[in-house]
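Working notes for the structure below.
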Amino acid sequence: MLVRNRFLLLLVVGGAVLAIISLSLQFLNLIPTTPIVAERLFETADRGGGVDQAKSRKRVFLVPHTQEPNPVSEAYGYCNTPNRTEQAWEGHSPADYKLLSVQVMIRHGDRYPLYSIPKTKRPAIDCTLSVSRSPSHRLLNAFISHMGLGVRGNWESPLSSVPRLPNHSACEMGELTQTGVVQQLRNGQLLRKAYKSHNILPSDWSPRQLWVESTSRSRTVQSGLAFLYGFLPDFDWTKLTVRHQWSTLFCGSACECPARNRYLEEEQRRQYKLRVSDTELEKTYVDMARTLGVLSRQLRAANPIDSLLCHLCHGLSFPCVTGDGGTKGCLTMEQFAVIRRQQLDDELDRRRVGHYHKYAILAMYPYLNRTATKMERVARGNEPGRQPRAGSEDVFTLSSAHDVTIAPLLSALGLQEARFPRFAARVVFELWKSPPATQGQRKKNASKGEKSKAKDRAFFIRVLYNGEDVTFHTTFCRSHDRHAGQPLCPLKNFLSFVRRDMFRVVNATSYQEACYRRPG
């Protein structure tokens, strides 16, 4: 009872902290439009509960403060429970700008733990889908039916053998939950609303215009399909190809990079040293191991935070062990908070030391280069004076990935202070073209040398993380003057960053040089 009371108290306090943080959120956004607000899409038993609009906006950067963040409140943000409206700045630009392409990377939705805590019962969660169970979604039934037609789609090996729906009444390790499916249906529907007026994918879209890819884990495949159904309900399976990415880094044929592995090893050593030097964390593990009746090293190997997060996100009591006379002991919220606090400390130390950022630059170059190449190709097809060929380029790309994909992507972009990717996190790259009148004005005022670059100056990029425009927090556009007649970030900044500038961090000028140069 004491544990339950503490849990409820922390839940109330955590909600209050999140509300205060949300109300203070102020992003420098020059786009004078109202963001898309997702309607309350889930169906739940407690319909009497209203949606607090003040709590709907979620900060993606940690706030500079003198007080340490509440680790439990941070954990609830990680859960990303689909229980409120959410604002999104995707699809917004100055008047008359044209949206040319969108590339989205998502983290899979809520999943069952990857590890189990020794001598405790696994959390009782049903991984089948049912509209009568909360959280639900108005598209859920139709989504389930549509997945039954998936044999009509084109699947790269080995994705054809992956189940398209979570289907175990007792979840398997790492399996997507119904919460995870609902999170992605909401994600997709949110972007459908955001891009509706732009007609980014017309009703008669061609197979070449849509690119969908995923790792072979069932949770990423199913998350991608749920997102796609929310974005493109009742899509034509015969026009869809789901492509396989064998690496969680989405590096394709450019995955070999010895230097990247060295930076990762240095990062892992830093992480280990910080962890073993934390006396409070060590004492907490010893106390937890004593409660469970196992060795502390066995408990660490079982990664208890993964299972405890699942209990927290699903409103379940923390696990207990039983003896001959009944309950022997339970893990506590205080212990959970210590482990979460250490994780937050680790994120700060990771940014300070810099090994992870160097790893991230090399880990995500192949994906970023592919993103830049796609944008450049679409831009060339839409240059002033050129008639674009309808349906000739993939204008919408969906990559269904993991936290170990999105975290280095954020770091590589220079968004190192962004929150660790929550369940169903999304990173969006948008390509925009300025209106002809704006281009003409630039040509009129430009010198002879500048006129030759007019084509490049017609195209712009926006980067969004969980619905917030973070473009001007990125390395390649942090110094761009948004008040110099152009409120968007030039595409050429991004292209220069990917092709050359990003390698300055590792004292190189190219990916090959950075990967294969001998240390020292």
- Task: Note down the relative contact order for segment 258-352 as a percent, whole number, built from C-alpha pairs under 8 angstrom at least six residues apart.
- Result: 29
- For segment 306-388: Kirkwood Rh in Å [reciprocal of mean 1/r, alpha carbons]: 18.0
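Can you tell me which of 80-87, 166-173, 107-114, 181-188 comes out highest on packing, and rank the rest after it, using the mean Cβ neighbours within 10 Å? Please report the intermediate quantities before stating the final value.
Values: 80-87: 19.2, 166-173: 14.5, 107-114: 25.0, 181-188: 29.5.
Order by mean packing, descending: 181-188, 107-114, 80-87, 166-173.
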- What does segment 258-352 give for Rg and for Dmax, in Å, if only its C-alpha atoms count? 15.6, 56
- Task: Using amide H atoms built 1.01 Å from N in the peptide plane, name the residues 5+ places from residue 328, or on other chains, whose amide H lies under 5 Å from its own.
- Result: 321, 322, 323
- Task: Mind checking which aspartates and glutamates have their Cα closer than 17 Å to the Cα of residue 433? Skip sequence neighbours fewer than 8 apart in that chain.
- Result: 90, 96, 376, 383, 393, 394, 456
- Env charge @ residue 475, Cβ radius under 12 Å, K,R +1 / D,E -1, value +1
- Query: Stretched out fully, how many nm does the piece from residue 386 to residue 132 gain, at 0.36 nm a residue minus the Cα gap?
  - Reply: 86.2 nm
- Query: According to a simple spin-label model (label point 7 Å from Cα along Cα-to-Cβ), what is the distance in nm between residue 239 and residue 203?
  - Reply: 1.1
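If the limit is 23 Å between Cα atoms, which of 196/239; 98/193; 239/492 go over it? Let's see the in-between values first.
On the way: 196/239 20 Å; 98/193 16 Å; 239/492 33 Å.
As for pairs spanning more than 23 Å Cα to Cα, those are 239/492.
Since every read-out is calculated from the coordinates, none of them should be taken as a lab result. Because the structure is a prediction, the values reported are computed rather than measured. Reconstructed Cβ throughout: ideal geometry from the backbone, glycine too, with neighbour counts over all protein chains shown.
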